[in-house]
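This report refers to the structure that appears directly beneath it.
The values are calculated or read from the model by the stated rules, or taken from the named source; none is laboratory data. Keep in mind that what you see is a predicted model, and the values were worked out from it rather than measured. Reconstructed Cβ throughout: ideal geometry from the backbone, glycine too, with neighbour counts over all protein chains shown. Areas reflect the complete protein model, heavy atoms only, side chains present, ligands, DNA and RNA absent. Shrake-Rupley method; radii C 1.70, N 1.55, O 1.52, S 1.80 Å.
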Amino acid sequence: MSAISIIVYKEMDGFTFSILPSVREFIKKLFPGSQPASRMHIGFETASNFDLLESGIEKQIYPTLLGVEKEELKKQITDIEFVNYQTGKVEKIHP
Amino acid sequence: MTKKYNLYIGRAGQLAVMAEFLLRGWNVAMPEVDIGDDIFVVEDENGVMKRVQVKTSSLKSRNNTFSAQFQIPIKQLQKVSRVPIYYIFIARRNDGWTIPLIIQQEELLDHFKNFGIDDESKRYINLYFSYSKDKVVCSGQDFTKYIGDYSDFPIIEH
């Protein structure tokens, strides 16, 4: 079981979520056939008053950004860290 | 080398990189206010824009190798927005430039992700490039694959 990090960056009109190339390679190895993306952006129209832990939006991020459904993710990943370098905040979520 | 000369060589490097993009068919623009991005590189046909930060240095000779030092602000490196930055490193040697090393922000952050994260006082990462025949090593890591890597900037025919 492992942990992975997703970088969160707040912009004027939404949030960008990204994973580093090493994380992408790690996911591909862990879940053969998966197609993780580099980054995804969510506009404020869909994430206003965004609170990561309460919104539950991470469920949509997993398949889109990581290329793996939550149920599959749970089997191999213990923690997912959402790292926000702007605030220094790290939110840990168990998938 | 004086501080003033650093300004001259920095701008010369930036213009050299801009010229190369133009030759590859990409349009270029410089922001009027300098807040981090050196160049905007644009594909005219569809408005695709990429952000470029040019890092310039002078090569110092040592035995059969050359070295150069570059500085990157950590905060800038960590801001992975929806339009990531491409860092381009070039160094001046005698009367020519080295082939640019082109590294996308997330790739560079991946190499140095643990640097200074726990130390708020660290504002910059110092990168030491060592150039030998067909090989570039940066702070102990092989950066050869980034030499002249224009794969995200393919030639556009006009």
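Quick notes
- Averaged over peptide B:75-84, the number of partner chain Cβ atoms lying within 10 Å of each residue's Cβ comes to 6.
- Karplus-derived 3J(HN,Hα) values for the range B:92-108, using 6.51 cos²θ - 1.76 cosθ + 1.60 with θ = phi - 60°, are 8, 9, 6, 10, x, 9, 6, 5, x, 9, 10, 10, 6, 3, 5, 5, 5 Hz; glycine and proline are entered as x.
- Cα→Cβ-extended label distance, 7 Å offset, between B:LYS122 and A:THR64, nm: 3.3 nm
- In this structure, the amide hydrogen of A:GLY67, modeled 1.01 Å from its nitrogen in the peptide plane, lies closer than 5 angstrom to those of A:ALA37, counting only residues at least 5 positions away or on a different chain.
- Here's the picture: charge each Lys and Arg Cβ at +1 and each Asp and Glu Cβ at -1 in the range A:3-93, and of A:PHE82, A:PHE31, A:LEU66 the one pushed furthest to the positive end of that dipole is A:PHE31.
- 3J(HN,Hα) couplings calculated from phi for the range A:15-29 with the Karplus curve 6.51 cos²θ - 1.76 cosθ + 1.60 (θ = phi - 60°) are, in sequence order, 10, 10, 10, 9, 10, 6, x, 5, 5, 4, 5, 4, 5, 4, 6 Hz; Gly and Pro show x.
- Just checking the listed ones, B:GLN14, B:GLN105, B:GLN78: in the Gaussian network model of chain B with Cα springs under 10 Å, the one fluctuating most is B:GLN78.
- Solvent-accessible area, 1.4 Å probe, carbon plus sulfur percent, for the protein assembly as shown: 50 percent
- Accessible area that becomes buried as A packs against B, both chains, 1.4 Å probe, Å², nearest 100: 1300 Å²
- Spatially close lysines, pair count over the range A:3-93: Cα under 25 Å, gap of eight or more or interchain: 24
- Per-residue average of Cβ from other chains inside 10 Å of A:13-25: 4
- Over the protein assembly as shown, equivalent-ellipsoid semi-axes from the Cα gyration tensor in Å: 35, 21, 18
- With both labels modelled 7 Å from their Cα along Cα-to-Cβ, the B:MET30 to A:VAL90 distance reads 4.1 nm.
- Extension gain (nm, one decimal) between B:ASP95 and B:ASP142, 0.36 nm per residue minus Cα-Cα: 14.3 nm
- Accessible area per residue in Å² at 1.4 Å probe, computed on the protein assembly as shown: 56 Å²
- The spread of Cα positions in chain B, taken along each principal axis and listed from longest to shortest, comes to 45, 40, 32 Å.
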